[in-house]
1. Would you check which residues across the stretch 251-275 are farther than 26 Å from Ile286 by Cα and surrounded by fewer than 24 Cβ atoms within 10 Å (Cβ to Cβ) and list them?
2. With the condition kept exactly as written, say whether any residue in the stretch 357-377 is farther than 14 Å from Lys329 by Cα and touching a residue at least 60 places away in the same chain (Cβ under 8 Å).
3. Just to be sure I understand, how many residues within the stretch 197-214 are under 21 Å from Ser148 (Cα atoms) and of a type outside the set (A, V, I, L, M, F, W, C)?
4. Identify the single condition in (1) over 18 Å from Lys158 (Cβ atoms); (2) modelled with pLDDT under 95 that Gln22 does not satisfy, given that it satisfies every other one.
5. Output the residue which, of all residues in the stretch 93-121 that are touching a Phe, Trp or Tyr at 6+ places or on another chain (Cβ under 8 Å) and either part of a loop (DSSP other than H, G, I, E, B) or of a type in the set (Lys, Arg) (or both), is surrounded by the most Cβ atoms within 10 Å (Cβ to Cβ).
6. Do we have Gly137 as farther than 18 Å from Tyr76 by Cβ, in contact (Cβ under 8 Å) with a residue 24 or more places away in the chain and either in contact with a Ser or Thr (Cβ under 8 Å, 6 or more places away or on another chain) or assigned to a loop (DSSP other than H, G, I, E, B) (or both) here?
7. Among the residues of the stretch 330-344, count how many are modelled with pLDDT of 70 or more and assigned to a loop (DSSP other than H, G, I, E, B).
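The values are calculated or read from the model by the stated rules, or taken from the named source; none is laboratory data. All of these numbers come straight from a predicted model, not from anything done at the bench. Cβ atoms come from the backbone with ideal geometry, glycine included; neighbour counts cover every protein chain shown.
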Amino acid sequence: MKRNAFIGITLSLLSFYNAGAQTISTAELKKHITILASDKMEGRGSGKKGGELAADYISSQFKVLKLVPRGDKVGYFQHFEVKNSGTHGAVDTTSRTTKNVIGYLDNGARETIVIGAHYDHLGMRHDGGSLDTSPLGKIHNGADDNASGVAGVLELAKYYSQNKEREKVNFLFICFSGEEMGLLGSKYFTDHPTIDLSKIDCMLNMDMVGRLPENKTLIVSGVGTSPSWGGILRKYESANLKVSFDSSGIGASDHTSFYLKNIPVLHFFTGSHNDYHKPGDDADKINYIGEQTVLQYIIQVISDVSAMPHLAFTHTKTNSNQSASVSMKVTMGIMPSYASDGNGLKVDAVSENKPAKRAGVLAGDVIVAIDDHKITDLHTYMEALNFYEKGASAQVKIRRGAETVTLTVQF
């Protein structure tokens, strides 16, 4: 019902989406991110007005590219329910409807590569999660988190649908909702898939790919989910892009849902920054040339994957029963670093009014233990939290510079 608002925008993009378009365009990346991270989108809250506008925009682009709809009915949308958040600690048992946006490029192949990114963000702090000291009523535009990932999906969809080549794989392009509320959209899709999960070769997830730093380091997680990943990923490092690897298939983004279905995954991430989950995450701070470099790297990776037999899947760190048991029953309220040296989990940011903040955890701290659970990386951190219920407390050992401190965290 909101598509009319984007008729002008869609027509303006038609001139670019022509049969000869075969490159990743920084101008198009900027256009997509500027639209998705505009105040008109009101921070793209899941199931909120801005989130619905964003879903309509994404579906309009899929339509321009003539992707096959793979929603739950005849269109691009896959609908699901999310719970409303109560205010001031009140319990709210109501829910609202939101949607994933799904388009399919059928190359007549046996295998399909999923290329995904979440399009939701914090809205006007509709469901919490802000790191701003006084966030209520402020639009959290989420340019890097994760309009950058959605723009990446749209540009890759354009590339593969307009390059006049028929790759040896099909592509399923998915923009998820509900990620900020707990990976809800990707979990719903993997529990209610609109294609056969056994035909998915791998899932490539882009979450925060718009702030490639000066050291040109891209963080790629999930490298341990297939024995093939290591050789492919190292092959395409260059002077313009250095790559830091993390083996775990479990992390704080949508690739986790696919990993838990025994599908090889990769998560591409350019790192955290001071605007993470704050109103200042705006389009004018995006490194567009950096994101173009990241997408070109992903295209090279896909080129190798498409020429290979079905990727073998491997569990990371734990066996399948253990990995499937991670349920995120409690949270500390931190933004963890995705890069790990195996000596603890670095805290990139701390959310206001959350257990970690109340306990005195600071950005830059390194969590090395939670009670008797040794913490070496993001995976062991998430596994440790699985042992706690809301209301429980834990002694959290932290390395802070040259000191080691122990804080009591109340979940």
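1. Leu260, Lys261, Asn262, Ile263
2. Within the stretch 357-377, one or more residues are farther than 14 Å from Lys329 by Cα and touching a residue at least 60 places away in the same chain (Cβ under 8 Å).
3. The number of residues fulfilling the criteria is 6.
4. Just one mismatch for Gln22, condition (1).
5. Asp120
6. Values: farther than 18 Å from Tyr76 by Cβ: yes; in contact (Cβ under 8 Å) with a residue 24 or more places away in the chain: no; either in contact with a Ser or Thr (Cβ under 8 Å, 6 or more places away or on another chain) or assigned to a loop (DSSP other than H, G, I, E, B) (or both): yes.
So Gly137 does not fit the description; no.
7. Within the stretch 330-344, residues that are modelled with pLDDT of 70 or more and assigned to a loop (DSSP other than H, G, I, E, B) number 8.
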